[in-house]
Ligand code: NAD
Ligand code: DAU
């Protein structure tokens, strides 16, 4: 049985990945998560009582804790999802982003390097450290520019993307300097089950169900390249298995959409799936609000490297993935209601009242 250490596995993508690994492998999964506002034990409730999943509440920046975990569980691979992930929060308060995404990743790399140095040659060679990153490190594209490839220069524009770029550089350096067998994936916008409703798609679904305004920043023409989260998980698994150490793989689904297209799609699905909603047609709730400072205009991923070298392709189209997502939020109202607590409301007031 192999052992995989997943960091940030109580968050949106991390939890989906933990479920993916539980279902598709026989690995023991050690899940280290600080349980910030974004970490939600309910995302892992289906694994309660499963001895193959070991949850540890803690910080990737806690060197003593990570040293102990590595010594105790002897992982064969580490997948680092742990991060502060929301651009708007990084604008209101960048410090946590530097602390976790930069300093935390540094401590995790240092602990990993010390552990890896002590392994036998065979285990050293087979070991993998996979760092989960974002397309936002490449900056913003003009309307007709080619999609981001792995050789695009870094040009991060928000405190969030700058902190992720820093961590990517550290990971790269640990491979080049120390030989640590690292891999990095830079993925486009994810959507799907368990996404915290500060991000566009779950925020729209949640607000629409309550007849609240659907806030669209600026002119709504910003473009993102959307990938269903379970396709991101299959890409990560494929890179772990077949990726070449030291390499970077861009992950995306080739589904570029403007934010206005997203909101109209979500509203149309809700009109259909909730025919007795008092808020139909939901698109009448669309409200243009003050733009995000430094708002990147367009992201797009060129996934040809992961397709040709690893053979990965997404299983969902945007149409099938968004329908599954809306359906999941409709069928998991208890999860949604439990999230809509005081700290979430404080965030909504802070981010939207002055817009
Ligand atoms: P998320 O905010 O939903 O989850 C982050 C998780 O990390 C939470 O469970 C949180 O408790 C945990 N965490 C935060 N600080 C920690 C620390 N110091 N130590 C241990 N755990 C900590 O984020 P997400 O959307 O699931 O993103 C996961 C990763 O994927 C991030 O690294 C993010 O940059 C990257 N990514 C996200 C997207 C996206 O569209 N959401 C796209 C590409 C890449
Ligand atoms: O591209 C990958 C990135 O995607 C990840 O690295 C980040 O962790 C993830 O949060 C996401 O970043 P974005 O800033 O693109 O996602 P967000 O959901 O915040 O916004 C998507 C688009 O929708 C963006 O153009 C801003 C806009 N938006 C967002 C919110 C929350 C609105 O118009 N209104 C809103 O209320």
Quick check: residue separation of residue 219 and residue 173 times 0.36 nm, minus the Cα distance between them. What number comes out in nm?
12.6 nm
Taking the 0 to 90 degree range and rounding to the nearest ten, how far is the long axis of helix 12-24 tilted relative to the main principal axis of the chain, both from C-alpha atoms?
60
How far is helix 105-117 tilted off the main Cα axis of the chain, in degrees rounded to 10, range 0 to 90?
30
Considering only DSSP beta bridges whose two residues both sit in the chain, what percent are antiparallel, to the nearest 5?
10
Isotropically averaged projected area of the range 58-146, using the convex hull of Cα atoms (one quarter of hull area), nm²
7.7
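Roughly how compact is the chain, stated as its Cα Rg over 2.2 N^0.38 Å to two decimals?
Numbers: Rg = 19.8 Å, N = 355, 2.2 N^0.38 = 20.5 Å.
Cα-based Rg divided by the globular estimate yields 0.97.
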Would you work out if the range 222-332 is rounded, prolate or oblate? Take a ≥ b ≥ c from the square roots of the eigenvalues of the alpha-carbon gyration tensor; rounded if a/c is under 1.5, else prolate when a/b is larger than b/c, oblate otherwise.
oblate
What residues from the range 182-220 fall in the zone where the backbone N is under 19 Å from a label point 7 Å along the Cα-to-C-beta line of residue 287?
197-220
Order the peptides 134-144, 285-295 from the highest to the lowest mean number of other Cβ atoms within 10 Å of their residues.
134-144, 285-295
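So what is the calculated 222 nm ellipticity per residue for the chain, using -39500 (n - 2.57) for each DSSP H run with n of 4 or more, over all residues, to the nearest 500 deg cm²/dmol?
Computed ellipticity for the chain at 222 nm equals -12000 deg cm²/dmol.
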At a threshold of 8 angstrom on Cα-Cα distance, excluding pairs fewer than six apart, so keeping six or more, what relative contact order does the chain reach in percent?
17
Stretchable slack from residue 212 to residue 63, in nm (0.36 nm times residue separation minus alpha-carbon distance)
49.3 nm
What is the distance, in nm, between label points placed 7 Å from the Cα along the Cα-to-Cβ direction at residue 333 and at residue 349?
2.6
Take the alpha carbon gyration tensor of the range 124-179, find the square roots of its eigenvalues, order them as a ≥ b ≥ c, and report rounded if a/c is under 1.5; if not, report prolate when a/b exceeds b/c, else oblate.
prolate
Along the Cα→Cβ direction, 7 angstrom out, place labels at residue 340 and residue 280. What is the inter-label distance in nm?
2.0
For the chain, take the longest principal axis of its alpha carbons; what is the angle in degrees between that and the long axis of helix 342-352, to the nearest 10 within 0 to 90?
70
Can you tell me, using C-alpha contacts under 8 Å and at least 6 residues apart, the relative contact order of the range 253-303 as a whole percent?
51
On each of the three principal axes of the Cα atoms of the range 94-150, give max minus min coordinate, whole Å, ordered largest first.
50, 30, 10
Please report, to two decimal places, log10 I(q)/I(0) for the range 180-271 at q = 0.21, 0.25 Å⁻¹ as given by the Debye formula with identical point scatterers on the Cα atoms and no solvent.
-1.03, -1.29
Which residue, 55, 228, 81, has the most motion in a Gaussian network model of the chain that connects Cα atoms within less than 10 Å?
55
Return the ratio Rg/(2.2 N^0.38 Å) for the range 212-259, where Rg is computed over Cα atoms only.
1.61
The chain: most fluctuating residue of 282, 176, 107 per GNM, C-alpha cutoff 10 Å:
176
Between residue 119 and residue 98, what length in nm is gained on full extension when 0.36 nm per residue of separation is reduced by their alpha carbon distance?
4.5 nm
For the ranges 17-23, 335-341, what's the packing order if you count other beta-carbon atoms within 10 Å of each residue, average per peptide, and put the highest first?
17-23, 335-341
Report the normalised scattering of the range 290-354 as log10 I(q)/I(0) at q = 0.12, 0.15, 0.17, 0.27 Å⁻¹, calculated by the Debye formula with identical scatterers on the alpha carbons.
-0.66, -0.91, -0.99, -1.05
Most mobile of 155, 237, 165 per a Gaussian network model of the chain (Cα springs, under 10 Å)?
155
Compute for the range 16-73: radius of gyration divided by Kirkwood radius, i.e. Rg/Rh, restricted to C-alpha atoms, rounded to two decimals.
0.97
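What ranking do 148, 97 get, fewest neighbouring Cβ atoms within 10 angstrom at the top?
148, 97
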In Å and on Cα atoms, what radius of gyration and Dmax does the range 90-188 show?
15.2, 50
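We did not get these values from a lab; they are worked out from the coordinates using the rules stated. Everything quoted here is computed from the prediction, not taken from an experiment. Glycine also receives a Cβ, built like all others from the backbone with ideal geometry; neighbour counts cover every protein chain displayed.
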